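The values are calculated or read from the model by the stated rules, or taken from the named source; none is laboratory data. From a predicted model like this one, the values you see are computed outputs, not experimental measurements. Don't worry about glycine lacking a Cβ; one is built from the backbone with ideal geometry, like all the others, and counts go over all protein chains shown. With ligands, DNA and RNA removed, areas are computed over all heavy atoms of the protein, side chains included. Shrake-Rupley method; radii C 1.70, N 1.55, O 1.52, S 1.80 Å.
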Amino acid sequence: MNTEGIPPVRELSRRVTQEGIRRYAEAAGDYNPIHLDEEYARTTPFGGTIAHGMLVLAYVSETMTAAFGRDWLASGRLKVRFRAPARPGDTLTVRAEPRRSRQVNGQAAFEYGIECRNERGETLVSGTAEVTVARSV
Amino acid sequence: MTQSDLPSLADLPRGYELPPACFQLSAEDVRRYLNAVEDSSGAYGQGSEGPAWIPPLALAAMALRAIMEQVRLPAGSLHAAQDLEFRRPVPVGASLRSRSRVAQRSEMRGAVVAVVEFDVGEEASPSPAVIGRATVMIPPVEGRS
């Protein structure tokens, strides 16, 4: 696959903490007990609290914003599956691997394979990100 | 109205439209969000007044919050997939409106897979700034098949 000319996207690492999950719950207004109530979460198949999927997705978006700035905010596309939960104590690494580029209405569209893994190498989120920038491929 | 009074997402038919929700995000709201996601990049403008732009993931999160205020997610439901499309940056303080509907609903052995489409943008604009599609897997309810 020819990925020449596709800008690299720097990887990002974040440690998930229960305090961070609580802060996100307050900022996003999502107080589902699976994220916040350890006692309740222990009774679920997850066996403990988990981070909001949209919190993990915010890390993915941050990597793309860092690489493309306003172009990402104006034309970004994300398509992901949540494959496993992020838990307090996990260190997540988000990677965006260049996949292909194409021309769209005189602009360059870059596609990346997105993956977010924990420190044990488990894939928590996978999918694609695409952004269009005002230059030719 | 409590959560238990709300209709379950599992019971809403395909095509069901939730009432639109209107809201605003202040610079303080966006600062709180950026702090929560540990984004100190400054990509959203960090002048003396605080951030100038709303992160698109914050807009999507607010649209999902509006959905959750109108429907109940049965215990054990999973956010299985998420599609998002960003069309333009939205300034802090804009009057916003989100809309959502059940785009797909399928059932197998009592478990429901619901796909909820939503969009959010400035009330004054006819076109959305962020479009989303959330796939939710809802486990079977005991005693019901």
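Specify the residue that is nearest to A:Ala108 (Cα to Cα); the eligible residues are those in region A:8-31 that are open to solvent by 30 Å² or more (accessible area, probe 1.4 Å) and in contact (Cβ under 8 Å) with a residue 60 or more places away in the chain. Here the answer is A:Pro8. Can you report the number of residues in region A:45-55 which are closer than 21 Å to A:Gly20 by Cα, surrounded by fewer than 19 Cβ atoms within 10 Å (Cβ to Cβ) and within 10 Å of chain B (Cβ to nearest Cβ)? Final tally of qualifying residues: 1.
Give A:Glu39, A:Glu4, A:Glu19, A:Glu26 a once-over and let me know the one that is assigned to a loop (DSSP other than H, G, I, E, B) and either over 14 Å from the mean Cα position of the chain (by Cα) or within 7 Å of chain B (Cβ to nearest Cβ) (or both). Only one candidate qualifies: A:Glu4.
Number of residues in region B:30-66 that are open to solvent by 20 Å² or more (accessible area, probe 1.4 Å), under 20 Å from A:Ala51 (Cβ atoms) and either at pLDDT 95 or above or more than 10 Å from every other protein chain (Cβ to nearest Cβ) (or both) equals 5.
Screening the candidates A:Thr93, A:Thr44 for the property of being closer than 24 Å to A:Arg120 by Cβ and touching an Asp or Glu at 6+ places or on another chain (Cβ under 7 Å) yields one hit, A:Thr93.
Among residues that are without any contact (Cβ under 8 Å) to a residue 40 or more places away in the chain, under 19 Å from A:Met54 (Cβ atoms) and open to solvent by less than 50 Å² (accessible area, probe 1.4 Å), B:Val115 is included.
Remark: pairs (first residue in region A:32-47, closer than 12 Å to A:Pro88 by Cβ; second residue part of a helix (DSSP H, G or I) and open to solvent by 70 Å² or more (accessible area, probe 1.4 Å); Cβ separation under 9 Å; 6+ apart in sequence or on different chains) = A:His35/A:Arg22; A:Leu36/A:Arg22. Tell me whether region B:75-97 contains one or more residues that are free of Cβ contacts under 8 Å to residues at least 40 places away in the same chain, farther than 20 Å from A:Ala84 by Cα, surrounded by fewer than 21 Cβ atoms within 10 Å (Cβ to Cβ) and over 11 Å from the mean Cα position of the chain (by Cα). For region B:75-97, residues free of Cβ contacts under 8 Å to residues at least 40 places away in the same chain, farther than 20 Å from A:Ala84 by Cα, surrounded by fewer than 21 Cβ atoms within 10 Å (Cβ to Cβ) and over 11 Å from the mean Cα position of the chain (by Cα): present.
Taking region A:61-131 and the strands (runs of 3 or more DSSP E) fully enclosed by it, the elements with 2 or more residues that are open to solvent by less than 70 Å² (accessible area, probe 1.4 Å), among the β-branched types (Val, Ile, Thr) and under 27 Å from B:Val115 (Cβ atoms) are at A:91-104. Please find, among B:Ser95, B:Ser106, B:Ser127, the residue that is within 17 Å of A:Leu73 (Cα to Cα) and out of contact with any Leu (no Cβ under 6 Å at 6 or more places or on another chain). Only one candidate passes the filter, namely B:Ser127. Look at region A:59-80: where a residue is at the interface with another protein chain (Cβ under 7 Å from one of its Cβ atoms) and a partner is part of a loop (DSSP other than H, G, I, E, B), sitting 6+ places away or on another chain with Cβ atoms under 6 Å, you get A:Glu62/B:Asp39; A:Thr65/B:Ala43; A:Ala66/B:Ser41; A:Leu73/B:Pro89; A:Ala74/B:Arg88. Every listed requirement among (1) out of contact with any strand residue (DSSP E or B) (no Cβ under 6 Å at 6 or more places or on another chain); (2) in a strand (DSSP E or B); (3) buried (at least 23 other Cβ atoms within 10 Å of the Cβ) is met by A:Ala58 save one, (2).
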